[in-house]
1. Of all residues in segment 213-232, which are in a loop (DSSP other than H, G, I, E, B), touching a strand residue (DSSP E or B) at 6+ places or on another chain (Cβ under 8 Å) and farther than 29 Å from residue 16 by Cα?
2. Filter segment 94-105 down to residues that are in contact with a strand residue (DSSP E or B) (Cβ under 8 Å, 6 or more places away or on another chain) and assigned to a loop (DSSP other than H, G, I, E, B) and give me whichever is nearest to residue 9 (Cα to Cα).
3. Mind telling me which of the residues 195, 210, 235 ends up being farther than 29 Å from residue 118 by Cα, in contact with a strand residue (DSSP E or B) (Cβ under 6 Å, 6 or more places away or on another chain), modelled with pLDDT of 95 or more and buried (at least 19 other Cβ atoms within 10 Å of the Cβ)?
4. Mind checking which residues of segment 66-79 are in contact with a helix residue (DSSP H, G or I) (Cβ under 8 Å, 6 or more places away or on another chain) and surrounded by fewer than 18 Cβ atoms within 10 Å (Cβ to Cβ)?
5. Can you tell me which residues in segment 80-93 are buried (at least 18 other Cβ atoms within 10 Å of the Cβ) and touching a strand residue (DSSP E or B) at 6+ places or on another chain (Cβ under 9 Å)?
6. Which ones in segment 49-78 are under 18 Å from residue 32 (Cα atoms), touching a residue at least 40 places away in the same chain (Cβ under 8 Å), more than 15 Å from the chain's Cα centre (by Cα) and not in a helix (DSSP H, G or I)?
7. Somewhere in segment 156-172, is a residue over 15 Å from residue 219 (Cβ atoms) and touching a strand residue (DSSP E or B) at 6+ places or on another chain (Cβ under 7 Å)?
8. Out of the residues in segment 130-157 meeting the condition of being assigned to a helix (DSSP H, G or I) and free of Cβ contacts under 8 Å to residues at least 40 places away in the same chain, tell me which one is surrounded by the most Cβ atoms within 10 Å (Cβ to Cβ).
């Protein structure tokens with residue numbers, strides 16, 4: 001690190017759990033962020049300000065006026081611009097150092113198989129179960145840790161899925177793809193603006209801990225937030241050996 005970087009990241013470097021070595025790991029890391037909306041906005045900004053060296057942002061959507069109530073990476077002058085490009089501009093306005101690659105595309109299986117192997121951590125900031133399952137399956141296939149968040153109305157959840165050692169659950173262990181609930185969108189249900197900031201910030205925190213080598217305590221746990229009461233529920237969750245994604249039969253087929 002040069003003198004300017006030592007100054008910019010000094011508050012991280014002062015932390016014993018991060019220090020110079022941890023900050024250098026961040027500078028050399030690559031984070032893949034799927035979704036640049038409500039959750040992806042704080043994720044992108046905090047990863048960028050923290051000094052993650054490479055950030056790939058994937059989103060096919062464009063900024064809409066209704067997004068600005070909660071999607072803090074965007075601004076009024078970027079309405080109708082691609083969200084991935086807008087979020088990249090938001091990062092650059094605070095910290096021009098990270099190499100940010102905005103991809104204006106849907107995160108389908110082919111694209112994920114191209115991108116996930118190159119990442120050190122993957123963050124799922126999407127709003128639909130189909131994409132979440134595609135992201136989870138790619139992370140299982142390629143052995144990458146997944147930081148997953150969701151928020152709707154006043155309710156949210158957060159977990160880290162890391163099936164690399166074969167003992168921890170993946171997303172499909174908790175939410176089987178053949179039992180997906182009916183999709184509900186913010187446009188119909190609404191979302192409490194600070195809720196996505198809370199969960200997105202926590203996703204960024206877990207990703208930064210993984211990248212610095214601190215590790216995450218969330219694999220095998222699901223955190224659920226009721227923002228009306230500001231009440232957290234912490235559930236222990238186990239790997240399902242019959243899981244169609246990471247279960248024993250799936251591993252044998254792989």
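The values are calculated or read from the model by the stated rules, or taken from the named source; none is laboratory data. No experiment lies behind these values; they were computed from the predicted model shown. Methodologically, a virtual Cβ is constructed for each residue, glycine included, from the backbone with ideal geometry; neighbour enumeration extends over all protein chains shown.
1. Initially, segment 213-232 is screened for residues in a loop (DSSP other than H, G, I, E, B), giving 213-220, 227-230.
Pick out the ones that are also touching a strand residue (DSSP E or B) at 6+ places or on another chain (Cβ under 8 Å) and you get 216, 218-220, 227.
Once the filter is applied, which keeps residues that are in a loop (DSSP other than H, G, I, E, B), touching a strand residue (DSSP E or B) at 6+ places or on another chain (Cβ under 8 Å) and farther than 29 Å from residue 16 by Cα, segment 213-232 yields only 227.
2. Just the residues of segment 94-105 that are in contact with a strand residue (DSSP E or B) (Cβ under 8 Å, 6 or more places away or on another chain), to begin with: 98-105.
Pick out the ones that are also assigned to a loop (DSSP other than H, G, I, E, B) and you get 98, 104-105.
Values: 98: 13, 104: 30, 105: 32 Å.
The selected residue is 98.
3. Values: 210 fails: farther than 29 Å from residue 118 by Cα; 235 fails: buried (at least 19 other Cβ atoms within 10 Å of the Cβ).
One residue alone meets the criteria, 195.
4. 66, 68, 69, 75, 76, 79
5. Of segment 80-93, the ones buried (at least 18 other Cβ atoms within 10 Å of the Cβ) are 82-88, 90-91.
Answer for segment 80-93, where residues must be buried (at least 18 other Cβ atoms within 10 Å of the Cβ) and touching a strand residue (DSSP E or B) at 6+ places or on another chain (Cβ under 9 Å): 82, 83, 84, 85, 86, 87, 88, 91.
6. Result: 51, 53, 60.
7. Just the residues of segment 156-172 that are over 15 Å from residue 219 (Cβ atoms), to begin with: 156.
Imposing the further condition that a residue be touching a strand residue (DSSP E or B) at 6+ places or on another chain (Cβ under 7 Å) reduces the set to 156.
Yes: one or more hits.
8. Going through the qualifying residues, I end up with 139.
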